[in-house]
Amino acid sequence: MSKFPKKFGKKEKTFSEKILKILSNNANKPYNYKQICAILELTDTKSRNEIIKDLKILAAQKLIIESEPGKYLVKAVSQDYYEGVIDMTSRKTAYFICEDFEEDVFIPTNNLNHALDKDKVKVYVYNRRRGKKPEGEVIEILERAKSEFVGVIDIQKNFAFVTTANAKMYTDIFIPKDKIGEAEQGDVVIVKIEDWPKKADSPFGAVIKVLGKPGEHDTEIHAILAEYGLPYDFPVEIEVFAQKIDTSIQPSEIAKRRDMRSTLTYTIDPKDAKDFDDALSYKELENGNYEIGIHIADVSHYLQEGTILDDEAFQRGTSVYLVDRVVPMLPEVLSNFACSLRPNEEKYTFSAIFEIDKKATVINQWFGRTVINSDQRFAYEEAQYIIETKDKTIPAAISLTGSDFVVDDAIVAATLKLDELAKILRRNRMNNGAISFDKVEVKFNLSADGEPEGVYFKESKEANHLIEEFMLLANRKVAEFIGKQKKTFVYRIHDEPNEDKLFAMQALISKFGYKIDLREKRDISKSLNQLMADVNGKKEQNLIDTLAIRTMSKAKYSTENIGHYGLAFDYYSHFTSPIRRYPDVMVHRLLQYYLDGGKSVDADVYEAKCEHASNMEGLATNAERDSIKYMQVKYMQNHKDEEFLGVISGVTEWGIYVEIVSNKCEGMCRIREIKDDYYTFDEKQYALVGAVSKKLLQLGDEVYVKVKNADLVKKQLDFSLVRH
């Protein structure tokens, strides 16, 4: 069978596109009609005559040239070839993403030619000259996005197949008998694609790791990490290297640093935090101003460039925060001990120290290496209690120690003043056009063996905002300090929102009676903040928060500073979390290098590092999201007989998505299973419409559902619609 599709133009008998492709694929070789017929496997006289006729038409149109009697070459072929990335859909078709096209180029299934999601490819684009939407065919796979996949193995007598749960992976993977390894029937495995013969429907692979049985907790968590190419432990040689690092505090090193050990210093972190990479110091000055230090673990002191540990940290790029565990960027000896700013321990830090007046204006600033000794470790709940009550006795119910304890008067006073200043900083940010996304975070109460026993929502209160504002201040001022010197630096950038997405969001939120002002950039920010305030506590809050976040561009790392739209900062970087983010380590190194008088570094080298860091952050975010979905499905497995109130969070031609109000778990009610009427999808109303009753099932409607199916492997919930 020919590899070319049967249909290109309006009429099946037209061979022009096929001829152009053959000549384009072999631009320097002339072909006659016999050779073209042979490639297309055409043997009948009628088709042969069509080929001859179309060759002459194409030559008359000057799309091909007759290089010698009866032989043809394509003309100006290069303009039809483009390089870009494949974006698979769940329907076995794809789009070609390329900067040369304003719209994505559609790739039909039979034109993929073994390309997989996110592969870098060369594509031949056709239909461009006729004012039609462009379509394309993959001509060459330039670079595979990944070669390792996670799936369930089905072992036959002489071979096996591995099927993945990834909707964008449109083929299973063939495993020869001698490549099955230790896998047993039904195991979850990691398989590596080794070959994909031209005429084979499936790629050939080998099992490289057995993860366990489907549905088992550790198996599924490790499968999530493996799906994104993320590790779940450290190689032995990395652990050994880390253990050998001298983590002692030396007088000779202290002498090189600004000594802050006698200044009041403390940390505020989540209750369950194991690493503390930032601390605040506070001192009242004689002139009535305040000296506030933002002290960050000096990871770069221990993490030396060129070592295997640094290479490992760079490759990881970030710690990964899954529902039941953290996969750290650095081994525990550094992340939880040497670099963690634990109370009553001397620690090396990298600090941003500010003199700030009563209006929260920065009067003076200093950046450099320091040594600190934290006086106290607080959980957010404890600091929040002080802010709300001004009481220095923390009750046992919220205390980290599990019993009442009394906080030093100086720390209470510092906390209240820092809160006051943070509120001014936050108000100034909002007035400058920053956007406040306090999206509800779903958290799980887990049993000792990792089983979800309950769901709760994480709220950001004043204590969270206190830490956030001073971390933002440090990040902004560090970036500004280097940025104004016009030296190469690692920025955290955030572009303006996508206009088309904003208009689409406007159409959707109008169904709830809300609107946003799209006239000016400042108006957009203000109206988005107003929208966030208006939906707070409403049933549609999580849905609208999610829609708003999706209109935003993705923040990323870059040496090209365009500012940070969401925070309304002209300069912004990441300086405050080097234990868990590699870009912060790069920022520390560059800042010290420039403080020492170094010249601007090579921007291209650092841009490549920034791109890698952004990519790893994206993979970690996806893994974190998948782990939440997995835990939600696991939680709902134990609540199959219960009826839940939900809100319709999405409407498609195949059904409605429903988000349960009490726990934010989302699942689908399939259209064919909604029995009270025959429903069809109305795209304009963004609703399902009953044929007889004319009832609407639309975005934001309240419905009652039960769990029909909870698939741990696919991380999917199917609901039955009980009533609406």
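The values are calculated or read from the model by the stated rules, or taken from the named source; none is laboratory data. Fair warning: this is a prediction, and the values are worked out from it, not measured in the lab. Cβ sites come from the backbone with ideal geometry, for glycine too, and all protein chains shown count toward neighbours. When the accessible area is computed, the model is the full protein with side chains, heavy atoms only, and any ligands, DNA or RNA have been set aside. Shrake-Rupley method; radii C 1.70, N 1.55, O 1.52, S 1.80 Å.
Ordered by packing density, taken as the mean number of other Cβ atoms within 10 Å over each peptide's residues, highest first, how do 82-92, 473-483, 258-268 rank?
Going from most to least packed, we get 473-483, 258-268, 82-92.
Rounded to the nearest 0.05, what FRET efficiency is calculated for THR680 and ASP534 with R0 set to 41 Å and r the Cβ-Cβ distance?
0.80
Distance from the Cα centre of the range 319-361 to that of the range 548-587, in angstrom?
18 Å
Using Cα pairs under 8 angstrom and six or more residues apart, how large is the relative contact order of the chain, in percent?
8 percent
Could you give the size of the charge dipole of the chain about its Cα centre, using +1 on the Cβ of each K and R and -1 on the Cβ of each D and E, expressed in debye and rounded to the nearest 20?
3500 debye
With the contact rule set at Cα under 8 Å and sequence spacing of 6 or more, what percent relative contact order holds for the range 595-724?
24 percent
Compare the Cα positions of ILE141, VAL162, ILE193 along the charge dipole of the range 118-202 (+1 at Cβ of Lys, Arg; -1 at Cβ of Asp, Glu; about the Cα centre) and return the one farthest towards the positive end.
ILE141
Return the distance in nm (one decimal) between the two label points of a simple spin-label model at LYS198 and SER67, each offset 7 Å from Cα along Cα→Cβ.
In this crude spin-label approximation the distance works out to 2.0 nm.
Beta carbons within 10 angstrom, averaged per residue: use that to sort the peptides 160-167, 547-554, highest first.
160-167, 547-554
Can you match mean projected area of the Cα convex hull in nm² to one of these, [x] 37.2; [y] 32.2; [z] 39.3, based on a calculation from the structure here?
Computing mean projected area of the Cα convex hull in nm² and matching it to [x] 37.2; [y] 32.2; [z] 39.3 gives [z].
If the reach is capped at under 21 angstrom between alpha carbons, list the lysines near LYS283, excluding any in the same chain fewer than eight residues apart.
Within reach: LYS347, LYS358, LYS359, LYS390, LYS392, LYS417, LYS423, LYS477.
When the solvent-accessible surface of protein heavy atoms is calculated with a 1.4 angstrom probe, in what order do TRP196, TRP654, TRP366 fall, highest first?
My answer, sorted largest first, is TRP654, TRP366, TRP196.
Say R0 is 45 Å: what FRET efficiency, to the nearest 0.05, do ILE562 and LYS122 get from their beta-carbon distance?
Once rounded, the FRET efficiency stands at 0.90.
Beta carbons within 10 angstrom, averaged per residue: use that to sort the peptides 246-257, 49-60, highest first.
49-60, 246-257
Pull out the extension gain between GLU642 and THR43, defined as 0.36 nm times the separation in residues minus the alpha carbon to alpha carbon distance; nm, one decimal.
So the extension gain works out to 209.1 nm.
If you average the C-alpha positions of the range 661-724 and of the range 210-267 separately, how far apart do those two centres end up, in angstrom?
The range 661-724 and the range 210-267 have Cα centres spaced 44 Å from each other.
Normalising by the residue count of the range 335-459, find the relative contact order in percent from Cα pairs under 8 Å and 6+ residues apart.
15 percent
ASP87 to ARG723: extension gain in nm, 0.36 nm per residue of separation minus the Cα-Cα distance?
225.2 nm
Once both axes come from the Cα atoms, what is the angle between helix 499-509 and the longest principal axis of the chain, in degrees from 0 to 90, rounded to 10?
80 degrees
So, R0 is 22 Å and r is the distance between the beta-carbons of GLU499 and ILE549; what FRET efficiency does that work out to, to 0.05?
0.85
Loop-only check: which trypsin sites (Lys or Arg not before Pro) in the range 321-399 are DSSP coil with at most 12 other Cβ within 10 angstrom?
In loop regions of the range 321-399 (DSSP not H, G, I, E or B), the sparsely surrounded trypsin sites (Lys or Arg not before Pro) are LYS358, LYS359, LYS390.
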